[in-house]
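**Q** Take this structure, written in structure tokens, and hold onto it; I'll ask about it next.
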């Protein structure tokens, strides 16, 4: 019989599993704490569990981490791990330490089916969804490895204070596996992270944004990248199914349950494509007064297959100035880990593509229709 990986259960799932073994809820809580708070995988070391339960678990369950294929450490402290998820697929996770927090960027799929023009993961295509266990295993491994290495912890004893679902894949296209993982990250018997410090980044899967609002509302980041549908259709193909107006309406509704009073919109700055002052003004017209938001401008990290270039720093600043002057909170993301290809949009891993992405995605020029502003 194949052993069940207990990293795949949130607390309620583990309670149900233990009840199936004839054990009470408090035993599941103890087990959950041993796994996630202490990072113990060997049932024999879980000293306050009844010997009879440890014996039962040894026959049917395991705590199985992902195999590490490689580890790269950047000069700025960023660490990138490549994890083997079987079948010729590998996914990447990135640890980003800063003065006031330490963030882990986690993958949710082997590859991605959305196919955003500026994302190297999308150019690799899609193989499969990760399981809840494979998603949680990324945090389980990083948190407890870094503790053993003596990295600075917060007052709770944690090393990692923030988790962002911004690695490989579209989290909301793997909803049934992502939500139990989020619940494990948030659970006080698990990692005890604040809902404000767990972020799901989506390309705009509108129905699943609505479901997340009901099931597990955490911080939300939305990949916008264009001020109009014509351009966004080319950069973020899912826009053809869920256009900007529908997306913004869903974001506005999400705020009723969100832990923050704003939505973060991500905007990758592409030279000559979406970075003009006129496009910044169009973005102001699109967002101001519609959805409380923060704009995160992301310097593009080039890769050959994209056919795109990074916007010059001066143009990024001019774009930001338009937004700031209009009263929209705007930041320019600091590039971290680019010397180990760990920066935003660079995570690629290894994917056995089932979608023929390389054949579908070409370097044909993006067609830009310059916005015109009404004179009142």
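All of the numbers you see were taken from the coordinates with simple rules; none came from a lab. Here the structure is a predicted model, which means the values were calculated and not measured. We place every Cβ from the backbone using ideal geometry, glycine too, and count neighbours over all the protein chains shown.
**Q** Only Cα pairs under 8 Å and at least 6 apart count here; give the relative contact order of the chain as a rounded whole percent. Walk me through the intermediate numbers first.
**A** Details: 754 pairs, mean separation 67.7, N = 376.
Value for the chain: 18 percent.
**Q** At 222 nm, what value in deg cm²/dmol follows for the chain if DSSP H runs of at least 4 each add -39500 (n - 2.57) and the sum is divided by all its residues, to the nearest 500?
**A** Helix-only estimate at 222 nm: -9500 deg cm²/dmol.
**Q** Continuing with this model, one more query. Could you please state, rounded to a whole Å, how far the C-alpha centre of segment 189-205 is from the C-alpha centre of segment 7-43?
**A** Their Cα centres are 22 Å away from one another.
**Q** List 80, 51 from most exposed to least, where exposure is judged by having the fewest other Cβ atoms within 10 Å.
**A** Values: 80 22, 51 8.
Listed from fewest to most nearby Cβ atoms, that is 51, 80.
**Q** Ok, one more. May I ask for the angle, rounded to the nearest 10°, between helix 175-186 and the longest principal axis of the chain, with both axes built from Cα atoms and the value confined to 0 to 90°?
**A** Once rounded, one gets 70 degrees.
**Q** Got the relative contact order for segment 4-62 handy, in percent, Cα pairs under 8 Å and 6 or more residues apart?
**A** The value is 37 percent.
**Q** I'd like to know how segment 236-340 sits against the 2.2 N^0.38 Å rule of thumb: what's its Cα Rg over that expected value?
**A** Normalised Rg, Cα atoms only: 1.13.
**Q** Tell me, what does the Kirkwood hydrodynamic radius of segment 133-180 come to in angstroms if you use every pair of distinct C-alpha atoms? Before the final figure, lay out the partial values.
**A** Numbers: mean 1/r = 0.0823 Å⁻¹.
For segment 133-180, inverting the mean 1/r across all distinct Cα pairs yields 12.2 Å.
**Q** Starting with the highest mean, order 256-268, 201-213 by the number of other Cβ atoms within 10 Å, averaged over the residues of each peptide.
**A** 201-213, 256-268
**Q** I would also like to ask the following. Classify segment 4-62 from the C-alpha gyration tensor, please: rounded if a/c falls under 1.5, else prolate or oblate depending on whether a/b exceeds b/c. Don't skip to the end; give the middle numbers.
**A** Working: a/c = 1.27, a/b = 1.06, b/c = 1.20.
Here segment 4-62 falls in the rounded category.
**Q** Using the Kirkwood formula on the Cα atoms of segment 98-187, what hydrodynamic radius do you get, in angstrom to one decimal? Working shown, then result.
**A** Values: mean 1/r = 0.0716 Å⁻¹.
By the Kirkwood definition, the hydrodynamic radius is 14.0 Å.
**Q** Rounded, prolate or oblate: which one fits segment 59-119, using the alpha carbon gyration tensor with axes a ≥ b ≥ c (rounded when a/c is under 1.5, else prolate when a/b beats b/c, else oblate)?
**A** The shape class here is oblate.
**Q** Over what distance in Å are the Cα centres of segment 239-307 and segment 44-106 separated?
**A** What the calculation gives is 32 Å, centre to centre.
**Q** Viscosity 1.306 mPa s, temperature 10 °C: what is the translational diffusion coefficient of segment 32-88 from Stokes-Einstein with a Kirkwood Rh over Cα pairs, rounded to a whole number of µm²/s?
**A** 114
**Q** Something else about it: Taking the 0 to 90 degree range and rounding to the nearest ten, how far is the long axis of helix 51-60 tilted relative to the main principal axis of the chain, both from C-alpha atoms?
**A** 50
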